[in-house]
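Student: Pasting a structure below so you can have a look.
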Amino acid sequence: MRPLAKALILSVAVALSGAAAICLADDGSIKTIARGARRDALAAMAYKPFDAELWGKVEGWTGGAAPTRESTGGKPVLIVAWASWYTTSHAALGEAKKIADKYPDVVVVGVHHRNGFDKAPEIIRSKGATFAIGHDSKGEFYKALRIEAAGPNYYLVDRAGNLRFLDVDKSSLDAAAKIVSDESAGDASRAEARSKEDAKGAGEAPMGGPDVKSRVTPADYKAVKWPAKNKSELSAKDMQGKPLPAKLGKEKYLGKAPDREGKIVVLDFWATWCGPCKVAMPHLDDLAKRYPRDVVVIGISDEPERTVSAFIKRAKHSYPQAVDEAATVKNSLGVQGIPHVAVISTDGVVRWQGNPHPSADLKSLEDTVKALVEIDPGVKARQANEKKPG
């Protein structure tokens, strides 16, 4: 898993005479858009060397000289895959130009799909792209990097020459470019090891926590017959049955952070101005009180801390409340309407999503939580451990 415990960029002073500060990147903060088998394939490619011989598979370069192993060596590279015949893809050229202007040391390269390149020059001129753009006429470049046909797709290579971020979401493009621009080649070469080390931290523990993880295995979770998904219309991406896209850790609690070890986690995305959210909150209170040892309900608002604090002091809800103005987890779920609840089992997988309002999905939420408490292997392991004498 990628690290989420640290802030986006941590400035760390080097205890060496005359040495400047270095930046350690939070790779886990970078969103990607790949899903399913393709996501797994790209994850396997991350931190592996980019094959510079692939530049030779691209032809018809315009806007700049063809990139080579020598011209890109030791430099961060942004690869933008696009297609002239897909209008949505055209915007990628503008986004790439922003990166080229903001981070001059990042080599920006455009690679066009094998089809429709005859119309590319006109589009390139209209977008004001000033970086090298070539034609993958045989489709070999796209195939090697598992680039989707129409794009747009953003890939970044770091100073160590490794594929660092593959298929970056546009919302994370600037942050990803900053990471590869700021760090040295040495830091880049240690990125994978740092990622694995950070993943061991508390912020990267599964929802069940490290102790529970040591007592249950993936096979235990696989053997469970999980509750049915909520089939109501969702105001978010349907992530039921999939890992929570962004781990908890960026939110700031208004009180003591809850213990999530071996417990079902119910995330309530809400706001003080949201009437239906306020109606649902007492019911979430009841849910938390019903399972005080096995369930943690957490309210997360992306409003300012002072706004939420003032509301909570008046409302006095019993479950933990947190603020995250960056809406880290909320955005990863693509939440468009609130209230929206995501229920997470102890292996970090979203088992239910929906609206907790009593006129919507409250009954389904309550039934699902009840079932999870009874069948989740992490909950069982924690309960068994608590029963042990001494």
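Student: Might you check whether a residue that is within 27 Å of Ala326 (Cα to Cα) and at pLDDT 90 or above occurs anywhere in the stretch 146-153? Spell out the reasoning first.
Tutor: Of the residues in the stretch 146-153, the ones within 27 Å of Ala326 (Cα to Cα) are 151-153.
Retained after the next criterion (residues that are at pLDDT 90 or above): 152-153.
Within the stretch 146-153 (the criterion being within 27 Å of Ala326 (Cα to Cα) and at pLDDT 90 or above), the answer is yes, since at least one residue qualifies.
Student: Could I ask something else about it? Residues to consider are Asp302, Asp285; find the one that is surrounded by fewer than 22 Cβ atoms within 10 Å (Cβ to Cβ) and closer than 30 Å to Arg35 by Cβ.
Tutor: Result: Asp302 is the single residue among Asp302, Asp285 that is surrounded by fewer than 22 Cβ atoms within 10 Å (Cβ to Cβ) and closer than 30 Å to Arg35 by Cβ.
Student: Can you tell which of Leu333, Leu365 is crowded, with 17+ Cβ neighbours inside 10 Å, within 19 Å of Gly28 (Cα to Cα) and at pLDDT 90 or above?
Tutor: Going through Leu333, Leu365 in turn, just one is crowded, with 17+ Cβ neighbours inside 10 Å, within 19 Å of Gly28 (Cα to Cα) and at pLDDT 90 or above: Leu333.
Student: Every residue in the stretch 219-274 that is in contact with a strand residue (DSSP E or B) (Cβ under 8 Å, 6 or more places away or on another chain), of a type in the set (D, E, K, R) and either crowded, with 17+ Cβ neighbours inside 10 Å or not in a loop (DSSP other than H, G, I, E, B) (or both), please.
Tutor: The answer is Lys229, Glu251, Lys252, Arg260, Lys263, Asp268.
Student: Also, quick follow-up: When both residues are 6+ apart or on different chains and their Cβ atoms are under 6 Å apart, which pairs have a first residue that lies in the stretch 82-100 and is farther than 17 Å from Ala176 by Cα, and a second that is in a helix (DSSP H, G or I) and among the aliphatic types (A, V, I, L, M)?
Tutor: What qualifies is Trp82/Ala92; Ser84/Ala120; Ser84/Ile123; His90/Ile123.
Student: Another question, if that's okay. For the structure I just gave you, tell me whether Lys178 is more than 19 Å from Leu93 (Cβ to Cβ) and without any contact (Cβ under 8 Å) to a residue 12 or more places away in the chain. Walk me through how you get there before you give the answer.
Tutor: Numbers: more than 19 Å from Leu93 (Cβ to Cβ): yes; without any contact (Cβ under 8 Å) to a residue 12 or more places away in the chain: no.
Criteria not met by Lys178.
Student: Inside the stretch 169-194, can you point out the residues that are part of a helix (DSSP H, G or I) and of a type outside the set (Gly, Ala, Ser)? Show your work before the answer.
Tutor: Here is the first cut: in the stretch 169-194, the residues part of a helix (DSSP H, G or I) are 170-182, 185-189, 191-194.
Once the filter is applied, which keeps residues that are part of a helix (DSSP H, G or I) and of a type outside the set (Gly, Ala, Ser), the stretch 169-194 yields Lys170, Leu173, Asp174, Lys178, Ile179, Val180, Asp182, Asp187, Glu192, Arg194.
Student: If you don't mind, there's one more thing I want to ask. Find the strands (runs of 3 or more DSSP E) located wholly in the stretch 28-136 whose residues include 2 or more that are buried (at least 21 other Cβ atoms within 10 Å of the Cβ), and list them.
Tutor: Numbers: elements: 59-62, 77-82, 107-112, 132-135.
Qualifying strands (runs of 3 or more DSSP E): 77-82, 107-112, 132-135.
Student: Can I ask one more? When you scan the stretch 318-325, do you find a residue that is part of a strand (DSSP E or B), under 26 Å from Lys252 (Cβ atoms) and either of a type in the set (A, V, I, L, M, F, W, C) or free of Cβ contacts under 8 Å to residues at least 12 places away in the same chain (or both), even just one? Working first, answer last.
Tutor: Of all residues in the stretch 318-325, those part of a strand (DSSP E or B) come to 321-323.
Next, only the ones that are under 26 Å from Lys252 (Cβ atoms) stay: 321-323.
The next check asks that each one be either of a type in the set (A, V, I, L, M, F, W, C) or free of Cβ contacts under 8 Å to residues at least 12 places away in the same chain (or both); those that pass are 322-323.
Yes; the residues of the stretch 318-325 include at least one that is part of a strand (DSSP E or B), under 26 Å from Lys252 (Cβ atoms) and either of a type in the set (A, V, I, L, M, F, W, C) or free of Cβ contacts under 8 Å to residues at least 12 places away in the same chain (or both).
Student: What's the number of the condition Pro49 fails, among (1) over 11 Å from Val157 (Cβ atoms); (2) in contact with a Gly (Cβ under 8 Å, 6 or more places away or on another chain); (3) touching a residue at least 60 places away in the same chain (Cβ under 8 Å)?
Tutor: Only one criterion is unmet by Pro49, namely (1).
Student: Let me ask something else. Given the residues Ala177, Ala191, Ala185, which is the only one that is crowded, with 19+ Cβ neighbours inside 10 Å, closer than 23 Å to Tyr47 by Cβ and at pLDDT below 90?
Tutor: The match here is Ala191.
The values are calculated or read from the model by the stated rules, or taken from the named source; none is laboratory data. As the structure is a computational prediction, the values presented were derived from the model and not from experiment. Heads up, the Cβs are rebuilt from the backbone with ideal geometry, glycines too, and the neighbour counts pull from every protein chain shown.
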